Amino acid sequence: MKRFGHYLGNIAGAVLALVMYSELEVLYFRPQRFDLAQYRVFVTALATVIVLFAISYIYRRQLKEENDWGFDETPHWDWRRIGIAMIGFVLIVVGSIVMLNLVGGGVSKNQESLNKIAEYNAGLFRILVVFIAPFCEEHIFRGMFFNIFFTKKNTRNKWLGIVASGFLFGYMHDPALSKYILVYWVLGMVLAWVYMSTKDLRYSILVHMCYNALGFI
């Protein structure tokens, strides 16, 4: 019974994190939904700090309860894991190019929507896409995901978790299940591989940020 409660608690934490992130996206992408007037910048900044802190807190609290993999242990930075992150960045770039060619090019509906938002809200759009989205998505789709479904350290869980995490990431970016979900799936698996190889979200967040930043170069 205790184990079941622990499981439900972690799921509730992940759902709460996803809801907070979704609402923060609305604040950045569609601020007209909120009557903020001259307080818009202050409210947006305050909400961002609160949401990022809350999501990080939920993840770290989960690790304190159970952490068979040894996630987030010190020291956080070393050359081996930096090298893994660099390999991950190359893999995610090559993987996206290959998969886009395989599905026939073009852009997904999710990307079309983002492109339209960028036309009217370029500044906030870049901040969210390059910095905030990678932070939140890596905590939810990598960190919390493994804390819930693949807590036991073994080779099977590692690779099943990488594939499943990638699919969840793909589905959340393409819920219509179009051909483009394959592209997002591969991207998600690379990020999950970086996380599982380094045992530290800092590296998958960094790779995710660098990849998203490529769209603005």
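Looking only at segment 55-81, which residues are hydrophobic (A, V, I, L, M, F, W, C) and in contact with a helix residue (DSSP H, G or I) (Cβ under 9 Å, 6 or more places away or on another chain)? I'd like the intermediate steps shown before the answer.
Restricting attention to segment 55-81, the residues satisfying the condition of being hydrophobic (A, V, I, L, M, F, W, C) are 55, 58, 63, 69, 71, 77, 79.
Passing the criteria: ILE55, ILE58, LEU63, TRP69, PHE71, TRP77.
Report yes if GLU138 is among the charged types (D, E, K, R) and modelled with pLDDT under 95, otherwise no. Spelling it out, it is not the case that GLU138 is among the charged types (D, E, K, R) and modelled with pLDDT under 95. For beta carbons closer than 8 Å, sequence separation of 6+ or different chains, a first residue in segment 86-112 that is within 15 Å of GLY188 (Cβ to Cβ) and in contact (Cβ under 8 Å) with a residue 60 or more places away in the chain and a second that is charged (D, E, K, R) and surrounded by 12 or more Cβ atoms within 10 Å (Cβ to Cβ), the qualifying pairs are SER108/ASP174; ASN110/ASP174. Taking (1) surrounded by fewer than 18 Cβ atoms within 10 Å (Cβ to Cβ); (2) of a type in the set (Ser, Thr, Tyr); (3) without any contact (Cβ under 8 Å) to a residue 40 or more places away in the chain in turn, SER165 satisfies each apart from (1).
When LYS116, LYS153 are checked against the criterion of being surrounded by fewer than 15 Cβ atoms within 10 Å (Cβ to Cβ) and in contact (Cβ under 8 Å) with a residue 12 or more places away in the chain, LYS153 stands alone in meeting it.
For the subset of segment 1-25 comprising residues that are more than 21 Å from GLU137 (Cβ to Cβ) and either part of a helix (DSSP H, G or I) or at pLDDT 95 or above (or both), which member is farthest from the chain's Cα centre (by Cα)?
If we take residues in segment 1-25 being more than 21 Å from GLU137 (Cβ to Cβ) and either part of a helix (DSSP H, G or I) or at pLDDT 95 or above (or both), then LYS2 is farthest from the chain's Cα centre (by Cα).
Going by what's in this entry, would LEU52 be described as over 17 Å from ARG202 (Cβ atoms), modelled with pLDDT of 90 or more and either assigned to a helix (DSSP H, G or I) or touching a strand residue (DSSP E or B) at 6+ places or on another chain (Cβ under 9 Å) (or both)? It is false that LEU52 is over 17 Å from ARG202 (Cβ atoms), modelled with pLDDT of 90 or more and either assigned to a helix (DSSP H, G or I) or touching a strand residue (DSSP E or B) at 6+ places or on another chain (Cβ under 9 Å) (or both). Within segment 185-217, the set of residues being among the basic types (Lys, Arg) and either over 13 Å from PHE146 (Cβ atoms) or at pLDDT below 95 (or both) comprises ARG202 only. Screening LEU128 on (1) surrounded by fewer than 16 Cβ atoms within 10 Å (Cβ to Cβ); (2) touching a residue at least 12 places away in the same chain (Cβ under 8 Å); (3) of a type in the set (A, V, I, L, M); (4) assigned to a helix (DSSP H, G or I) shows it passes everything except condition (1).
The values are calculated or read from the model by the stated rules, or taken from the named source; none is laboratory data. Since this is a predicted model, take the numbers as computed values, not measurements. Every residue, glycine among them, receives a Cβ derived from its backbone with ideal geometry; neighbour counts consider all protein chains shown.
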